[in-house]
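As structure tokens, the structure follows; a few thoughts come after it.
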Amino acid sequence: MIYSLNDVQIIQIPTVVAKRGDLSALELPDLIPFEVKRVFIVHHVSNLEVRGEHAHRQCWQFLIAAAGSITVDVLDGTSKKIYLLDNPSKGLLIPPSIWGTQYNFSADGSLLVFASHKFEKEDYIHNFEEFLEYRKINS
């Protein structure tokens with residue numbers, strides 16, 4: 001299935017705010033609309049570096065700035081949206097067939113990613129022209 005930017009969404013994570021510190025809890029599988037099969041953290045990224053720059057054929061992702069801030073661009077081949085992840089009480093849901101790029105990591109930026117699939121090299125589309133062709137063929 002080919003998704004659009006209308007399918008990319010910010011999901012608020014239930015958070016308890018308290019004097020001793022806030023607690024954001026992800027109840028699985030209730031909050032994320034897929035079964036989580038892989039979790040990884042992208043951290044210690046220079047604010048000059050760019051991460052992502054790919055799309056997936058099948059894998060869904062849910063991104064959270066566990067610390068600091070990260071800018072995320074999403075593209076569907078014709079339109080682009082920019083999101084600032086700067087609080088662990090919100091996450092960005094990115095479906096397959098959406099191009100994602102992460103950049104402008106703050107010095108303490110840590111990106112927590114929940115994925116619907118284990119790492120499968122064949123699922124990644126790293127070439128933007130190939131991405132556009134994939135969307136065209138599968139629309």
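The values are calculated or read from the model by the stated rules, or taken from the named source; none is laboratory data. Predicted model, so just to flag it, every value in this text is computed and none were measured. Cβ atoms come from the backbone with ideal geometry, glycine included; neighbour counts cover every protein chain shown. SASA here: full protein model, heavy atoms, side chains in, ligands and nucleic acids out. Shrake-Rupley method; radii C 1.70, N 1.55, O 1.52, S 1.80 Å.
Worth a mention:
- Test: residue in the range 117-135 that is surrounded by 19 or more Cβ atoms within 10 Å (Cβ to Cβ) and polar (S, T, N, Q): no
- Selection count, the range 103-121, where residues are in a strand (DSSP E or B) and out of contact with any Ser or Thr (no Cβ under 7 Å at 6 or more places or on another chain): 6
- Test: residue in the range 119-135 that is modelled with pLDDT of 95 or more and within 12 Å of the chain's Cα centre (by Cα): no
- Candidates R20, R51 - the one that is out of contact with any Phe, Trp or Tyr (no Cβ under 6 Å at 6 or more places or on another chain), open to solvent by 80 Å² or more (accessible area, probe 1.4 Å), basic (K, R) and assigned to a strand (DSSP E or B): R51
- Within the option set V45, V36, being open to solvent by less than 80 Å² (accessible area, probe 1.4 Å), closer than 13 Å to G91 by Cβ, in a loop (DSSP other than H, G, I, E, B) and touching a residue at least 40 places away in the same chain (Cβ under 8 Å) holds for one residue only, V36.
- None of K81, K90 is touching a residue at least 40 places away in the same chain (Cβ under 8 Å), buried (at least 18 other Cβ atoms within 10 Å of the Cβ) and of a type in the set (D, E, K, R) except K90.
- Residue in the range 66-74 that is surrounded by 18 or more Cβ atoms within 10 Å (Cβ to Cβ), at pLDDT 95 or above and among the hydroxyl-bearing types (S, T, Y) present: yes
- A search for C-beta distances below 8 Å between a residue of the range 8-21 that is on the phi > 0 side of the Ramachandran plot and touching a residue at least 24 places away in the same chain (Cβ under 8 Å) and any residue that is open to solvent by 40 Å² or more (accessible area, probe 1.4 Å) and assigned to a strand (DSSP E or B), counting only pairs 6+ apart in sequence or on different chains, returns nothing.
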